[in-house]
Amino acid sequence: MQFRDRSGAVQRSRLDFCSDNGMLRSVTELETEILEALIALEEAVASMPVSNPKPDLRPLFSRLDLLTLRLPKSTSPDLLHYLHKKSYLKARLYLQGRDSENQVGNCGHV
């Protein structure tokens, strides 16, 4: 899966390469849906300065909440933490295999 980041550069998701630690990790269909929803949210937010009318973000947040509730207990604690705390950029980076780029948050968690 490929997408364009904020700078317009083509990026690959975790589906296409190894995770930060160099280990291959299978990505579930649900995680793929979450990644797609996170990217859609970022794109909607980025369009706000030039959109008229402004996009309604509530359905995007609702979709992320519903997808998060469907995650199994075996889901990475880091991903669950990011999604429950609404740290959507961190969740996206995690799902793209770029968790090492995440900064430590106010809660002390990366």
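The values are calculated or read from the model by the stated rules, or taken from the named source; none is laboratory data. This is a predicted model, so every value here is computed, not measured. Heads up, the Cβs are rebuilt from the backbone with ideal geometry, glycines too, and the neighbour counts pull from every protein chain shown.
If the condition is being over 10 Å from the mean Cα position of the chain (by Cα), of a type outside the set (S, T, Y) and under 15 Å from L35 (Cα atoms), then segment 55-80 contributes L60, F61, R63, D65, L66, L67, L69, R70, L71, D78, L80.
Quick one: which residue in S51, S87, S62, S47 is in contact with a Gly (Cβ under 7 Å, 6 or more places away or on another chain) and farther than 18 Å from V27 by Cα? The conditions single out S87.
Go through segment 67-83 and give me each residue that's of a type outside the set (F, W, Y), in contact with a helix residue (DSSP H, G or I) (Cβ under 7 Å, 6 or more places away or on another chain) and free of Cβ contacts under 8 Å to residues at least 40 places away in the same chain. Scanning segment 67-83 gives L67, T68, D78. Once segment 32-56 is narrowed to residues that are polar (S, T, N, Q) and assigned to a loop (DSSP other than H, G, I, E, B), the residue that is nearest to K86 (Cα to Cα) is S51.
Residues that are touching a helix residue (DSSP H, G or I) at 6+ places or on another chain (Cβ under 7 Å) and over 13 Å from K86 (Cα atoms) within segment 57-66 comprise just one, L57.
Whether any residue in segment 57-70 is surrounded by fewer than 18 Cβ atoms within 10 Å (Cβ to Cβ), assigned to a loop (DSSP other than H, G, I, E, B) and modelled with pLDDT of 95 or more is what I want to check. Yes: segment 57-70 contains one or more residues that are surrounded by fewer than 18 Cβ atoms within 10 Å (Cβ to Cβ), assigned to a loop (DSSP other than H, G, I, E, B) and modelled with pLDDT of 95 or more. Within segment 71-110, the set of residues being closer than 20 Å to E42 by Cα, part of a loop (DSSP other than H, G, I, E, B) and among the small types (G, A, S) comprises S87, G97, G105.
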